[in-house]
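One structure below.
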Amino acid sequence: EHTLLVTNTGFEILTWRQLALHDKPVVLVDIDEASLVEIGPWPWKRSTVAELSSRLTAAGARVHAYDIAFPDERDHDDALQLAWSKAPTVVAQVFSIDAGVTPSVGQIQGALAAPGCPPFAPRSFGHYGTAESLLTAQPAVGHITPRVGPDGVVRQVPALICHLDHAYPSLGLTVLWRAAQPGADGPSRAGPSAVDWVWHTAGAASPFPAGLAPAAWLTSPSLPGLVVPLDRTGNVRVPYAVSRQAMTSVSAADVIKGRIDGGLLNGAMVIVGATAFGIGDTIA
């Protein structure tokens, strides 16, 4: 229920809610059942997603992150590409870490600046990337690949995945990094540079108190003082104890239709995802 946050001034024990609000708020834009009823069944037209992005930009969202992959080219990609080019955008990609599943759809982007992979990162055997027509907008990209247990339940998310000897960070890590880049909250909306997370393993010089160092951890020159601890297989701790009431969530339909107070989204890291059962994307 608590996270150890390491800063330049020492150590702080924060609840997840406090951590989310430590710098900028996180707002979830939910493609819920009400959105499917009002906007139409999923997948939406790319022009509709472009309208959503434009609304977020107008409201002053610091980062637009999509917990959704866009691997194939479709009609109205030009509208979505244009909308994304005007905002700090992060989109999702998915790797297969199952040796028996080898898809190859879309383009892979968003590798760490440093080549090579840490020993704890799972290897990729295939991918669902991003349509080339959308990558001209220079979005940052993060993976949403889960570790699925024998019972079909997701309990772990790898921080990094190794694909062709390059390490690719998760969506959450990429969102934090993108929010720290120049232009993320200004009019320039400059395209991102290479993601600068750096991995460390036990035995390296540790910022943790003696005896409390995790098996591995991540740091970023873009986020000085922030340390992300990992377990021995490279997973990020997931705060499953967090209640829904601890997160601010709004319906995607309300955003598209302009029914949201713009102040709620101003300066926020916005995560667009889905809870609608009709999409078939809800898993334990």
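The values are calculated or read from the model by the stated rules, or taken from the named source; none is laboratory data. What you are looking at is a predicted structure, and each value in this text was computed from that prediction instead of being measured. Quick reminder, even Gly has a Cβ in these numbers, built from the backbone with ideal geometry, and neighbours come from all protein chains shown. To get the accessible areas, we keep the full protein, side chains included, count just its heavy atoms, and leave off ligands, DNA and RNA. Shrake-Rupley method; radii C 1.70, N 1.55, O 1.52, S 1.80 Å.
For the reader, a short list of remarks on this structure follows.
- Local net charge near residue 259, Cβ-Cβ under 12 Å (Lys/Arg +1, Asp/Glu -1): -1
- Over the chain, equivalent-ellipsoid semi-axes from the Cα gyration tensor in Å: 29, 22, 19
- If you take all other residues with their beta carbon under 14 Å from the beta carbon of residue 231, and give Lys and Arg +1 and Asp and Glu -1, the sum is +4.
- With a cut-off of 15 Å between beta carbons, the residues surrounding residue 277 carry a summed charge of -4, where Lys and Arg count +1 and Asp and Glu -1.
- Here the sum of -39500 (n - 2.57) over DSSP H runs of 4 or more residues, divided by the residues of the chain, equals -5000 deg cm²/dmol at 222 nm, to the nearest 500.
- By average C-beta atoms within 10 angstrom, highest first, the peptides 259-272, 85-98, 117-130: 85-98, 117-130, 259-272
- A 1.4 Å probe run over the range 118-230, with the rest of the protein chains in place, finds 42 Å² accessible per residue.
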